[in-house]
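Everything below concerns the one structure shown next.
The values are calculated or read from the model by the stated rules, or taken from the named source; none is laboratory data. Here the structure is a predicted model, which means the values were calculated and not measured. Virtual Cβ from ideal backbone geometry, glycine too; neighbours counted across all protein chains shown. Side chains are part of the model used for accessible areas, which takes the heavy atoms of the whole protein and leaves out ligands, DNA and RNA. Shrake-Rupley method; radii C 1.70, N 1.55, O 1.52, S 1.80 Å.
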Amino acid sequence: MDTQELQAWLRLTLSPGVGNDTARKLLAAFGSAQAVFGQSAATLRQLGTEKLAKAILEEPPALAAQLQLTLEWLQAGDDRQVATLGDTAYPAALLDIEDPPLMLYMLGTLAGKPATAPHIAIVGSRNPTPQGEANARQFAKAFGGAGLCVVSGLALGVDGAAHDGALLGGGETIAVVGTGLDRVYPKKHLALAHRIAQQGMIVSEFPLGTPPLAANFPRRNRIISGLSRGTLVVEAALQSGSLITARLAAEQGKEVFAIPGSIHSPQSRGCHALIKQGAKLVEVAQDVLEELELSTAGRAPGGGDVAAEPHAADPLVAALGFDPVSLDALQARTGLDTSRLQAGLLELELCGQVVRLPGGLFQRLAAG
């Protein structure tokens, strides 16, 4: 788009009191963002209130600086684009959701390109258990290897593991973020964000310079689910934002999947609640592929079988189960003395079968 059109769209999004719904009504009435600002106060009052007409006619103080910032950002590389409702570069899947964003900022190799691979969202806790994080990475790796594009939110925990797994599987991934694209949040994911841009895309509806405001993160969830054919929840507490994404997916007519976990883990209760409400219980990536009619030849990895684990026959592994357990409880279950028990746990830790948790607890990890 040219500079004047970009300026009009920025003005529409920056005008105080003009939300997405009102903006879409104005666009429907006048045909374009530029046309909205060519209307008289009397015409605008016919569509709304005096307050709305005043908001439209008064140029936002931040507009000039925002326009300059956006132009400089666009000129910094050919891997970035701003798409508005109606643009060919705008993701078609978002046109079908209840509240499509007016503008999308896109950064990466997929920016402005039509979707070719089916999209699957993976969301979950920012503080997952070691097994939950491993599951997110394993399932995403399987989806990436099967040709799917994994969509998530770049947050700590499950989101980051999902993006990483998709990249490890050779697939594409899209991160939908709650900040401007000139910022990376959390900062810990700066290197991951660069990898995503090289093998996928980072997307935001928020103007450049937008800091990580708490209210913005639930809003981006409708974009995560809207881009995807289904949403997989890996681990989530009952009050998790991931359940918002799952609810939005269901409201959008998309499939919702959930991985069950320990009945003793607070991080599994959200997934269990979703399953009770009708979400599809999944144990391996193939479960999702088959439900979406995307099954590939052979069994896709992800959430592997316990029977296939190299140490499954070890009595210590059997005694561990899959719930966190204390050293005293293991000693009671196995009858091993302390030195032999600690040596066995260390061996299992070194080969990635067991993880040591805070509070002196141990947890067995499923094979990936």
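Some observations on this one:
- Scanning segment 283-296 for residues that are open to solvent by 40 Å² or more (accessible area, probe 1.4 Å) and in contact (Cβ under 8 Å) with a residue 12 or more places away in the chain yields Glu283, Asp287, Glu291, Thr296.
- Contact map, segment 258-282: first residue closer than 19 Å to Pro130 by Cβ and among the basic types (Lys, Arg), second residue in a loop (DSSP other than H, G, I, E, B) and open to solvent by 20 Å² or more (accessible area, probe 1.4 Å), Cβ cut-off under 6 Å, separation 6 or more or different chains; pairs are Arg269/Leu238.
- Members of segment 268-308 found to be at negative phi and at pLDDT below 90, listed by number: Leu294, Ser295, Thr296, Ala297, Arg299, Ala300, Pro301, Gly304, Asp305, Val306, Ala307, Ala308
Rundown of residues vs (1) touching a Phe, Trp or Tyr at 6+ places or on another chain (Cβ under 6 Å); (2) buried (at least 18 other Cβ atoms within 10 Å of the Cβ); (3) among the charged types (D, E, K, R); (4) in contact (Cβ under 8 Å) with a residue 12 or more places away in the chain, yes/no style:
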| site | (1), (2), (3), (4) |
| --- | --- |
| Met1 | no, no, no, yes |
| Gln7 | no, yes, no, yes |
| Ser15 | no, yes, no, yes |
| Arg24 | no, no, yes, yes |
| Ser32 | no, no, no, yes |
| Ala35 | no, no, no, no |
| Gly48 | no, no, no, yes |
| Gln81 | no, yes, no, yes |
| Glu98 | no, no, yes, yes |
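- Test set (1) open to solvent by less than 60 Å² (accessible area, probe 1.4 Å); (2) modelled with pLDDT of 80 or more; (3) farther than 25 Å from Asn127 by Cβ - Leu361 fails condition number: (3)
- Residues of segment 330-358 satisfying the condition of being farther than 17 Å from Gln131 by Cβ, assigned to a helix (DSSP H, G or I) and either among the hydroxyl-bearing types (Ser, Thr, Tyr) or open to solvent by 30 Å² or more (accessible area, probe 1.4 Å) (or both): Gln331, Ala332, Arg333, Thr334, Thr338, Ser339, Arg340, Gln342, Ala343, Leu346, Glu347, Leu350
- Enumeration of residues in segment 120-159 that are part of a helix (DSSP H, G or I) and in contact with a helix residue (DSSP H, G or I) (Cβ under 7 Å, 6 or more places away or on another chain): Gly132, Glu133, Ala136, Arg137, Gln138, Phe139, Ala140, Lys141, Ala142, Phe143, Gly144, Val158
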